[in-house]
1. On full extension of the chain, what length is gained from Val88 through Glu442, given 0.36 nm per residue of separation minus the C-alpha to C-alpha distance?
2. First compute the accessible area of the chain with a 1.4 Å probe, then give the percent of it belonging to carbon and sulfur atoms.
3. Please list, ordered by chain and number, the residues whose modelled amide H lies under 5 Å from the amide H of Val514; skip anything fewer than 5 residues away on the same chain.
4. Amide H to amide H, which residues 5 or more places from Lys396 or on other chains are under 5 Å from it, using H placed in the peptide plane?
5. If we count every other residue with Cβ under 12 angstrom of Thr134's Cβ, Lys/Arg +1 and Asp/Glu -1, where does the sum land?
6. Need one number: nm distance between label points at Ala320 and Asn537, each 7 Å from Cα along Cα→Cβ, rounded to one decimal.
7. So with the 1.4 Å probe, I'd like the accessible area per residue for the range 1-40, rounded to whole Å².
8. What is the Cα radius of gyration of the chain over 2.2 N^0.38 Å, N being its residue count?
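The values are calculated or read from the model by the stated rules, or taken from the named source; none is laboratory data. Note that this is a predicted model, so its numbers are computed, not measured. Using ideal geometry, Cβ is built from the backbone for each residue, glycine included, and neighbour counts are taken over all protein chains shown. For accessibility, only protein heavy atoms count, side chains too; no ligands or nucleic acids. Shrake-Rupley method; radii C 1.70, N 1.55, O 1.52, S 1.80 Å.
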Amino acid sequence: MGKDYRPDIDGLRAIAVVIVVLHHTRLLQGGFIGVDAFFVISGFLITRIILEEIGQGRFRLATFYRRRAQRLFPALFSMMAVSTLAAVCILFPNELVDFGTSLAYATFFVANVHFSSGDGYFADATDIVPLLHTWSLSVEEQYYLIFPLIVLLASKRGASAVRITIAALLFLSFGVSLFLMSADPSAAFYLFPPRAWELLVGCALGARMVPAIPLPYRETAAAIALAAFLLCAATYDKDMQFPGWTALVPCAAAAILIHSASFSTTRIASVLSTQPLVYLGLISYSLYLWHWPIIVFYKAAAGHHLSGLEKFLLIGASLAAAHLSWRFIERPFRQGSLKTANAFSYSAIGAATSCALAAMLLSTNGLASLYSEKTRRFAEFTYDYHDAYRSGVCFKNKKKEDARRHVDQACLALDPARPDFLILGDSHAAHYWAGFAREFPEINFLQATAGGCKPTLRSEDINFCREFMDQSIQFLKRVKVDAVILSARWNAESITELEETLIELAPLSPMTVVVGPIVAYHDHLPRLLARAAYLDNMEVVKSARNGNLRLVDVALADALKPMKGIRYISVIDLLCDASYDCATVDKQGLPLQFDTAHLTDGGAAYIAHEIRTHRLFDVASPTVVTAAPCSAGMMDSKPGRGPCQP
């Protein structure tokens, strides 16, 4: 360790990487802010090194880049090579093509650019992207390439020019971040220009642009900063607008923790300097590299949600992999026998190997010839729900620009020649519209649906869902509809809220239909079907079903029985038999659901056909309907599926 080594910074690294790992195992919802702390730390350390060497007249770009290569590349390329081997063993052809693409981008440190064009960091689809975490490494590498050049040029005009440049770039980058948070949130999250300000916060500390915290306040400042950082980790979640303004708090907290101990040790710095935290800090880079692929590949192979025990075992496996990587890969290149090796040659070999692997996966279409046509058909199944949901018009998303507007009036147009049924709810209501409209042309289906909004009067989201429901209730008070269909991602906590809402809706419509929870899985159904086809074992699908929803279904049916004028439809009974064997494909043999729960167009048509078969929308139907259970309903599309087969 050098004379300027700060063990407390390794302790801060430890906290940052631990909360990231806890976030990825879904044990800490806001743990993603650990990456922001890494950015601040990197900005501080790199700036301090560069300015010190410039001041001593010994800064060389080649030497700087060689040290960065020795520090980062050996463990990174090792992780990517091992991940490729795991991907070949576990992923399907379409996933291998995606993996090969991300491998190529990660090799050239532009993975963040690649992922910025996707659905966003918090999208469900990212759960099966093994190299997703390389986006932040790409941001740092882009910083390492650009920042030394900027500082070197600015330093020719003196230290004040360096400080002015850092300050100007910091505010410019933050402005870009705020702009992109509205214009393109995914770009704001992934790209270097809107993220650079977080690194530049650390740069400002490294350039001594921030006055020292007065001695009497350092302890208090450090304690508040640590508390604020941990509070953000505990309270931030994927639904927040992030980064932008919300990233200020964790970045400022990390900066204060660094700055408060820059002139004298604080109690918090002493805690951060304890041996366990320092050790975790030393292996933090390897832990960050290895933990995410380990989690992703295990989940992809298991096909179910992780239990508490599995999460802790995966954390243990990640720690073991990190220690081995640090001990046998990182240290030899930084301090041991390989320290004097040509870092650029080793880097070129690693990059060439990664490129060759990526090319192999892409040129063979993800080794597609190794899989049966049936397996490929399920694995490659994709579905765009936007048209079927009438997204942006009749289905509103609170994360989009139109979140504050109610659904388009065309979605609520009455038809004097047909009965008017209003479909009201969240995405689990929106996915029925296309199927209902096609199966029941004699009914005019109105649609008022919004993402994440259960059709209940009490809502967790005061700013969006309550406004949405208030507008829907006001609409029902203004017009006369023949029926209201409520559907949502129901859970056990929904029952009381639903009962209260039904009482409010009773005088507004002659009939209210509650559609129960849909069958749901712990992995995307197409992927489960692909694995079942590959292994020739349908238990893969059955074991991945969420059994708790059957209990919710029964509880909802029981709760609504005493309520007059309320009709309950058990979708689980329409899809499944008594042993919970459920229909999974439509007439064409395609999955009924495109993710863990949402119906495809074909799936919606399947349910609608069952509703017609059992006359569940007829006025004379019973109040609580539990259809005759399916006689079967597995992945194949053989005829003779009883009431479940359209």
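1. Numbers: separation 354, 0.36 × 354 = 127.44 nm, distance 5.10 nm.
Full extension of this stretch gives 122.3 nm more.
2. Values: 16400 of 27160 Å².
In the chain, the share of accessible area belonging to carbon and sulfur is 60 percent.
3. Sorted by chain and number, the residues that satisfy this are Leu486, Arg567, Tyr568, Ile569.
4. HN-HN under 5 Å from Lys396: Thr449, Ala450, Gly451.
5. Numbers: positive: none; negative: Glu140, Glu141.
Net charge around Thr134: -2.
6. About 2.2 nm separates the two model spin labels.
7. Values: 1270 Å² over 40 residues.
About 32 Å² of surface per residue is accessible.
8. Values: Rg = 28.1 Å, N = 646, 2.2 N^0.38 = 25.7 Å.
Scaled against compact globular proteins, the figure is 1.09.
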